[in-house]
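I have placed the structure first, in the form of structure tokens, so that the comments after it can refer back to it.
Computed from the coordinates by the stated procedures, all read-outs in this text should not be read as laboratory data. These numbers were taken from a predicted model, which means no experiment stands behind them. Note that we place each Cβ from the backbone using ideal geometry, even for glycine, and neighbour counts take in every protein chain shown.
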């Protein structure tokens, strides 16, 4: 698990670079670090194993494992952070005094995300979630002079702490019923229980686990924190939160249900189905009535949690089957499109001081590139053909239909139609509405950011035209 070690070490090194008081050195350094870690992560492909050396002691052996599943989802997390970083350049230009700390917290949060996709032990899952969550609490309140940012951090911290308590209580109950924290030990304990009278405690523990992780991935009815926190958090960190956290969360969720808890599917499966339907309904309807583009993307993130929950429903008993492949592809397509959308929104908000649809009005005339990239991102998030989002939904819908849940697929398709309505609103504003007085000047975009936006748009289109490149990885 060299990526975890390097991210931890370089996160500390980056803090010392902050003493140089030169923000211009920080962004290139972190970009190089993430590119290096991303490459080293890929070198673990087809090299399954556990932590070597000192970690081979009986107390910590097999707590983290390396396989193609962890490499694939770890790659999405690292790639997302890598393509998101160029949009932090405004902090460099403005001379943000805490930039070194922010970048280090981002690197540390990636440690938690990789733990979540690589864990083989419930304690390691808990540690990964907490590393990622605490980092997000800090970043949500990073704009200390903004009341909305302070409110977002406080809400996220208080509600997240409560969800953490629920998750930890669930882990304790499951351990008490099975006598193991290891995923394979949990599955064996459930299949052949030593004490049948502990079954009710096991079922309560499983439900608490589902609730705790459901909060982390913004699944309804545990999504109530998402709109306010996403809106109040600085846009750059909102993009990170809505992609990295969701990808790591669902990778961990699928692994838990498929590897450790298949014997309790009679308990968690109806719960996941109910959560899925409620998430799709509230997420899409909530997004449709928003007037703020950023708040719309927050509710949109909730709705995408619903589509990913469909993958959990179809993934019973198969960690590397069609459902896992669908979640992987969907997470990649969603992350790329979301980074592009938030990247454009941040550039607009930085210079027009607006995050509503009116702030996007006339963008096609003043900044055709930004309008094009935003359009591609919206079409992908809406699941329009020839974009990565279309095949993401297609793979998940196919996997769910293969399990016999045709009615659930029909419901998800209907909710997707609602999504098309609100995803087209920014496009209509950019191409069909004139810019308001004072918002008709071009947005300044440097060459690095422009190249990143073009790359994101091209990746989205390539995933929609040639999905076969990645469709057989898992």
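Here the gap between residue 446 and residue 351, fully extended at 0.36 nm per residue and compared with their Cα-Cα distance, gives a gain of 32.9 nm.
The angle separating the long axis of helix 322-352 from the principal Cα axis of greatest extent in the chain is about 30 degrees. Our note on the geometry: Cα centres of segment 396-474 and segment 329-386, 9 Å apart.
Please label the shape of segment 93-204 as rounded, prolate or oblate, based on the square roots a ≥ b ≥ c of the eigenvalues of the alpha-carbon gyration tensor (a/c under 1.5 means rounded; beyond that, a/b larger than b/c means prolate, else oblate). Write down the numbers at each step before the final one.
Numbers: a/c = 6.19, a/b = 2.34, b/c = 2.65.
Taking the square roots of the gyration eigenvalues as a ≥ b ≥ c, segment 93-204 is oblate.
Computed from Cα atoms alone, the Kirkwood hydrodynamic radius reported for segment 306-456 is 16.5 Å.
The long axis of helix 246-255 is offset from the longest Cα principal axis of the chain by roughly 20 degrees.
The stretch between residue 410 and residue 123, if pulled fully straight at 0.36 nm per residue, gains 99.5 nm over its current Cα-Cα span. Counting only alpha carbon atoms, the long axis of helix 406-432 and the longest principal axis of the chain meet at about 20°.
Our summary gives the chain a relative contact order of 14 percent, counting only alpha carbon pairs under 8 angstrom and 6 or more residues apart. The spacing between segment 86-127 and segment 196-214, judged by their C-alpha centroids, is 31 Å.
Simple spin-label estimate for residue 144 and residue 224 gives 3.1 nm between the two label positions (7 Å along the Cα-to-Cβ direction from each Cα).
If you take the beta carbon distance between residue 184 and residue 273 as r and set R0 to 30 Å, what does 1/(1 + (r/R0)^6) give as a FRET efficiency, to the nearest 0.05?
E between residue 184 and residue 273, to the nearest 0.05, is 0.70.
Using 0.36 nm times the number of residues separating residue 320 and residue 192, minus their current alpha carbon distance, what extension gain do you get? Gain in length upon complete extension: 43.6 nm.
With both labels modelled 7 Å from their Cα along Cα-to-Cβ, the residue 13 to residue 458 distance reads 2.9 nm.
Suppose R0 equals 56 Å. What FRET efficiency, 1/(1 + (r/R0)^6) with r the Cβ-Cβ distance, do residue 172 and residue 365 give to the nearest 0.05? Mind dumping the intermediate values first?
Values: r = 59 Å, r/R0 = 1.05.
Computed FRET efficiency for residue 172 and residue 365: 0.40.
For semi-axes √(5λ) of the Cα gyration tensor in Å, computed directly from the structure shown, the correct entry in (1) 35, 26, 20; (2) 41, 27, 23; (3) 47, 33, 18 is (1).
Counting only DSSP H runs of at least 4 residues, each contributing -39500 (n - 2.57), and dividing by the residue count of the chain, the helix-based mean residue ellipticity at 222 nm comes to -23500 deg cm²/dmol.
So for each of 365-378, 1-14 I average, over its residues, the number of other beta carbons within 10 Å; can you give me the resulting order with the highest mean first?
On the way: 365-378: 21.9, 1-14: 18.2.
Listed from highest to lowest mean packing, they are 365-378, 1-14.
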